[in-house]
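*Asks:* One structure is given below, represented as structure tokens, and several questions about it will come after.
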Amino acid sequence: MAAVTQYLCTVISHRMITPTVYELAFEGEPIPSADPAKPAPTEPFHFRAGQYISVVVPGAGPGGRDLRRAYSIASHPEARPVELCVKIVDNGPGSNFLNRLRKGDTFKGFAPYGDFTYETSPTKHVCFIATGTGIAPFRAMMLSAEYQANPPKSATCLLGVRDEEELLYQSDITPYGKWIPCVSQPKGGWNGFRGRVTDYLRTLGEDFPWKETEYYLCGAGQMIDEVRAILTERGVDKDSIHREIYFKQPKPTA
Ligand SMILES: Cc1cc2nc3c(=O)[nH]c(=O)nc-3n(C[C@H](O)[C@H](O)[C@H](O)COP(=O)(O)OP(=O)(O)OC[C@H]3O[C@@H](n4cnc5c(N)ncnc54)[C@H](O)[C@@H]3O)c2cc1C
């Protein structure tokens, strides 16, 4: 496992890629330790597809302390600049801090973190299931040299969003897998699947290779819990279910 390093990240570009999601591209340079006894780090920004950066949000915590927020890296390890794909959350300190940055601005972050990485499985099928920006690590995985050198038997990618304007990265993913957008509340004349990713999974019958597939789930905790329950009913081994929870919805108050 590569050592976590602190980086000074310089923004290369910021662009909206849906009405509520932006892509932030940056280059990271290692920051020397304040301890003069420690050697200056020389590590360029490195990570495995599926890992994340922990971004420092200056002064946004209690008593003006810094906060940290995790963001999956949406670009593949061989690509530069590095890209994040971030949903703007109302009054959210982390997503709004990054959203204010423009070309030439800097931020600090620690990377790489996480073990939500693709394990090569050429004898198995792969099913990636995301809600919203949970698609970010799957884009990184599918575009990575590691994945492309060892592709699965087949890949399916389900992306759940509220409306069709929030769909992400279709053109990046379709060359490498079956792309299934699941739109729960379409705005216009939507011809694709109407419903959540869980509704789509329930339409699949016995001909789907349930037990010969590795499942990668990323995004809202509730979706992940519901998908796991469906997969368990289908007899999928728990070791074939890999997950990254972005957030848990608050429990409804009585
Ligand atoms: C390992 C990991 C990787 C992550 N990667 C990404 C990523 O690539 N892109 C990304 O947009 N977010 C990602 N997140 C979520 C991110 O860390 C923050 O939680 C999010 O940006 C909200 O932080 P905030 O400070 O703006 O708002 P907060 O005030 O901390 O959050 C407010 C509420 O927003 C909701 N929320 C959080 N994240 C999302 C989201 N992505 N979509 C919709 N609602 C959300 C939750 O209900 C949360 O309680 C990741 C989280 C984890 C744990």
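*Asks:* Can you tell me which condition A130 does not meet? The list is (1) in a strand (DSSP E or B); (2) over 16 Å from the mean Cα position of the chain (by Cα); (3) within 12 Å of the ligand (Cβ to nearest atom), and all the others hold.
*Replies:* Of the numbered conditions (1) in a strand (DSSP E or B); (2) over 16 Å from the mean Cα position of the chain (by Cα); (3) within 12 Å of the ligand (Cβ to nearest atom), the odd one out for A130 is (2).
*Asks:* Additional query: Go through the range 138-191 and report how many residues are exposed (fewer than 14 other Cβ atoms within 10 Å of the Cβ) and part of a loop (DSSP other than H, G, I, E, B).
*Replies:* Residues that pass the stated criteria total 10.
*Asks:* On to the next question. So, of the residues in the range 23-65 that are of a type in the set (F, W, Y) and in a loop (DSSP other than H, G, I, E, B), which turns out to be farthest from F138 (Cα to Cα)?
*Replies:* Filtering first and then ranking leaves F45.
*Asks:* Can you name the residue in the range 235-254 that is away from the ligand (no atom under 12 Å from the Cβ) and exposed (fewer than 14 other Cβ atoms within 10 Å of the Cβ) and, of all such residues, is modelled with the lowest pLDDT? Outline the logic, then answer.
*Replies:* The initial filter retains those residues of the range 235-254 that are away from the ligand (no atom under 12 Å from the Cβ), namely 235-242, 252-254.
Next, from what is left, pick out any that are exposed (fewer than 14 other Cβ atoms within 10 Å of the Cβ): 235, 237-239, 252-254.
Details: G235: 97, D237: 98, K238: 97, D239: 97, P252: 67, T253: 65, A254: 56.
Among residues in the range 235-254 that are away from the ligand (no atom under 12 Å from the Cβ) and exposed (fewer than 14 other Cβ atoms within 10 Å of the Cβ), the one modelled with the lowest pLDDT is A254.
*Asks:* Would you please name the residue that is surrounded by the fewest Cβ atoms within 10 Å (Cβ to Cβ), looking only at residues in the range 74-87 that are more than 8 Å from the ligand (Cβ to nearest atom) and within 22 Å of E166 (Cα to Cα)?
*Replies:* Among them, the one singled out is E83.
The values are calculated or read from the model by the stated rules, or taken from the named source; none is laboratory data. In this text, all values refer to a predicted model and were calculated from it rather than measured experimentally. Cβ atoms come from the backbone with ideal geometry, glycine included; neighbour counts cover every protein chain shown.
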